[in-house]
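The values are calculated or read from the model by the stated rules, or taken from the named source; none is laboratory data. Here the structure is a predicted model, which means the values were calculated and not measured. Cβ: placed from backbone, ideal geometry, glycine included. Neighbour counts: every protein chain shown.
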Amino acid sequence: MRLGVDLGGTKIEAVILDEGGDVLWRQRVPTPQRDYNATLKAIAQLVEEGKYFAGICASTTIGIGTPGAEDKQGRMKNCNSTALNGRYLRTDLSSLLKCSISIANDANCFALAETLGGQGKKSLSCHSNERPVGDVLNVVFGVILGTGVGGGVVVDGKLLNGPNAITGEWGHNLMPLQARAMAGEKEEERQCYCGRINCVETFLSGPGLALSYQQCFGEKLIPEEIIGHMRNIESERQESAELIWGEYMQQLAAALAQVVNILDPSLIVLGGGLSAVPEIYRDIVPLMKPHVFTDEFDTPILPALLGDSAGVYGAAWLVDGIT
Ligand SMILES: [Zn+2]
């Protein structure tokens, strides 16, 4: 069994998985807003409830998925649930629950869950020329295309964690100049919340796509509206939406190709709101080919299978199984 907790901005969810990855127990509660101690208590209560249900002893390790990451001193940083920032979440939870805690951000949990229980698991049976170690793919790059853009790298079924806790953070790479020049107002820089300019996230997130449309056509549309117009040949905005979507795809292709040239993953799996657009999977590989340093590029790029559950499953897979 594995016990994982996904600490989100609006809900805290806990799950216990069996060795095969099936759910034995699952529970969610609202996240107490702007109250760190109440958040700790809510997590502790869920964990105790799960342990009681499954008869797990007190000394087990628990996996936690969080919005941000730990800094080198063990304090939380980059959390959009700001009550967590600067707090020693792992230490505090460990004292409260009297057990060790394994922590990873939500994009990393997503990548791990899709590798072990989602597209990675499914792909093993479909791609006989892969070189699996045990029963997992060599290298999987998990991508989030949502309100933000994140990523995680899984090697031989384990998350890659660098010394700065930023592995997979391609959303804050610089968008390649050639792809950037396609976007709306050609001269305008895009300020990222991280303090840098023209990060991949400022183009490929949902708000980034909306901004591209607005900068080009002066109208504020949400991503769903842009995609709806793009598909609707009767819409008077069809041509403009198709143009912006075409630019988005070129930018996605150029940005992903940079990751491929470094990691050469066996699989790229996309999650987050924009990953649900099927046209991505029809068009992305040919668009990437000119940017990738090989003539024969056919790496599978696939949509996530686990949906909203990936975060909490990934948290559970952070830890070794409890027997
Ligand atoms: Zn940034």
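Could you count how many residues in the stretch 239-288 are among the charged types (D, E, K, R), in contact (Cβ under 8 Å) with a residue 24 or more places away in the chain and surrounded by fewer than 18 Cβ atoms within 10 Å (Cβ to Cβ)?
3
It is to be established whether one or more residues within the stretch 240-250 are among the hydrophobic types (A, V, I, L, M, F, W, C), outside the structural domain of residue 65 (by TED's automatic domain parsing), over 23 Å from the mean Cα position of the chain (by Cα) and not in a helix (DSSP H, G or I). Spell out how you get there, then give the answer.
First pass over the stretch 240-250, keeping only residues among the hydrophobic types (A, V, I, L, M, F, W, C): 241, 243-245, 249.
The next check asks that each one be outside the structural domain of residue 65 (by TED's automatic domain parsing); those that pass are 241, 243-245, 249.
Okay, now just the ones that are also over 23 Å from the mean Cα position of the chain (by Cα), so 241, 243-244.
Subsequent filtering for residues that are not in a helix (DSSP H, G or I) retains none.
There is no residue in the stretch 240-250 that is among the hydrophobic types (A, V, I, L, M, F, W, C), outside the structural domain of residue 65 (by TED's automatic domain parsing), over 23 Å from the mean Cα position of the chain (by Cα) and not in a helix (DSSP H, G or I).
So residue 213 fits all but one of (1) more than 16 Å from the ligand (Cβ to nearest atom); (2) farther than 22 Å from residue 119 by Cα; (3) in a loop (DSSP other than H, G, I, E, B); what number is the exception? Residue 213 satisfies every listed condition except (3). Taking the stretch 140-158 as the range and being over 20 Å from residue 203 (Cβ atoms) and at pLDDT below 95 as the test, the residues that pass are 156, 157, 158.
What number of residues within the stretch 298-323 satisfy the criterion of being more than 14 Å from the chain's Cα centre (by Cα) and within 28 Å of residue 161 (Cβ to Cβ)? Spell out the reasoning first.
We begin by selecting, within the stretch 298-323, every residue more than 14 Å from the chain's Cα centre (by Cα); these are 298-301, 316-323.
Filter once more, keeping what is within 28 Å of residue 161 (Cβ to Cβ): 299-301, 316-323.
Total satisfying the criteria: 11.
Given the condition surrounded by 22 or more Cβ atoms within 10 Å (Cβ to Cβ) and assigned by TED's automatic domain parsing to the domain that holds residue 106, answer yes or no: does some residue in the stretch 27-43 qualify? Yes - at least one qualifying residue is present in the stretch 27-43. Tell me, which residue of the stretch 269-308 that is more than 14 Å from residue 111 (Cβ to Cβ) and hydroxyl-bearing (Ser, Thr, Tyr) is modelled with the highest pLDDT? Looking at residues that are more than 14 Å from residue 111 (Cβ to Cβ) and hydroxyl-bearing (Ser, Thr, Tyr), I get 281.
Filter the stretch 188-210 down to the residues that are closer than 24 Å to residue 237 by Cα and in a loop (DSSP other than H, G, I, E, B), then identify the one that is modelled with the highest pLDDT. Let's see the steps before the verdict.
Residues of the stretch 188-210 that are closer than 24 Å to residue 237 by Cα, as a first pass: 188, 202-210.
Next cut, in a loop (DSSP other than H, G, I, E, B) only: 188, 205.
Numbers: 188: 79, 205: 96.
Within the stretch 188-210, the match that is modelled with the highest pLDDT is 205.
Here residue 163 fulfils each of the conditions (1) away from the ligand (no atom under 15 Å from the Cβ); (2) within 29 Å of residue 9 (Cα to Cα); (3) in contact with a helix residue (DSSP H, G or I) (Cβ under 9 Å, 6 or more places away or on another chain) apart from (3). Within the stretch 189-210, the set of residues being more than 18 Å from residue 173 (Cβ to Cβ) and either within 16 Å of the ligand (Cβ to nearest atom) or touching a Gly at 6+ places or on another chain (Cβ under 8 Å) (or both) comprises just one member, 206.
Can you find even one residue in the stretch 217-237 that is within 16 Å of the ligand (Cβ to nearest atom) and more than 20 Å from residue 281 (Cβ to Cβ)?
No, the conditions are met nowhere in the stretch 217-237.
Among the residues of the stretch 147-183, those that are small (Gly, Ala, Ser) and surrounded by fewer than 17 Cβ atoms within 10 Å (Cβ to Cβ) comprise 162, 181.
Does at least one position in the stretch 257-266 carry a residue that is within 16 Å of the ligand (Cβ to nearest atom), within 24 Å of the chain's Cα centre (by Cα) and either under 29 Å from residue 106 (Cα atoms) or in a loop (DSSP other than H, G, I, E, B) (or both)? Scanning the stretch 257-266, I find at least one residue that is within 16 Å of the ligand (Cβ to nearest atom), within 24 Å of the chain's Cα centre (by Cα) and either under 29 Å from residue 106 (Cα atoms) or in a loop (DSSP other than H, G, I, E, B) (or both), so the answer is yes. The strands (runs of 3 or more DSSP E) found wholly in the stretch 1-113 and carrying at least 1 residues that are modelled with pLDDT of 95 or more and of a type in the set (Lys, Arg) occupy 23-30.
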